[in-house]
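Asker: Got a structure here, written out as structure tokens. Questions coming.
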Amino acid sequence: MDDHNQQKLTAREMVRAHAYPVLAAVSSLSLLSIAILLIPQAVKTHRYNRCIDAQITMRASINPKGGTDPGKMNYLKAVEHCEGF
């Protein structure tokens, strides 16, 4: 087989010359596919976190004691609401 300089390369030299670019391409495609597959989970988690924040804010604002601390019960109720219970 000939390379760009018209030199004859053995099979081993051909593998060594082309293994790095092939492995780099496979690695890049793998990372890209992993990133694309994680997008729906990231969107779901972001929406869940926004729901929790809104619920805690709402529950803390209607607290009869007037406290601004959300408290554990408000958090648990917010989780129940956002998870659909």
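Asker: Please list, in order along segment 56-61, the HN-Hα scalar couplings obtained from phi with the Karplus expression 6.51 cos²θ - 1.76 cosθ + 1.60 (θ = phi - 60°), rounded to whole Hz, x for Gly and Pro.
Answerer: In residue order, the calculated couplings are 5, 4, 5, 5, 5, 6 Hz.
Asker: Counting only protein chains, not ligands or nucleic acids, how are LEU31, LEU9 ordered by accessible area (probe 1.4 Å), most first? Each step should come with its number before you reach the end.
Answerer: On the way: LEU31 120, LEU9 40 Å².
Reading off the accessible areas and sorting them downward yields LEU31, LEU9.
Asker: Along the Cα→Cβ direction, 7 angstrom out, place labels at LEU23 and MET58. What is the inter-label distance in nm?
Answerer: 5.4 nm
Asker: For LEU9, what residues show an amide H to amide H distance below 5 Å, using hydrogens built from the backbone and excluding near sequence neighbours?
Answerer: ASP3
Asker: Oh, and also: Can you run phi through the Karplus equation (6.51, -1.76, 1.60; θ = phi - 60°) for segment 31-47 and list ³J(HN,Hα) in whole Hz, with x for Gly and Pro?
Answerer: 5, 5, 5, 5, 4, 5, 6, 7, 4, x, 5, 5, 5, 4, 5, 5, 5
The values are calculated or read from the model by the stated rules, or taken from the named source; none is laboratory data. All of these numbers come straight from a predicted model, not from anything done at the bench. Cβ atoms come from the backbone with ideal geometry, glycine included; neighbour counts cover every protein chain shown. The protein model used for the area step is the full one, side chains on, heavy atoms only, and it has no ligands, DNA or RNA in it. Shrake-Rupley method; radii C 1.70, N 1.55, O 1.52, S 1.80 Å.
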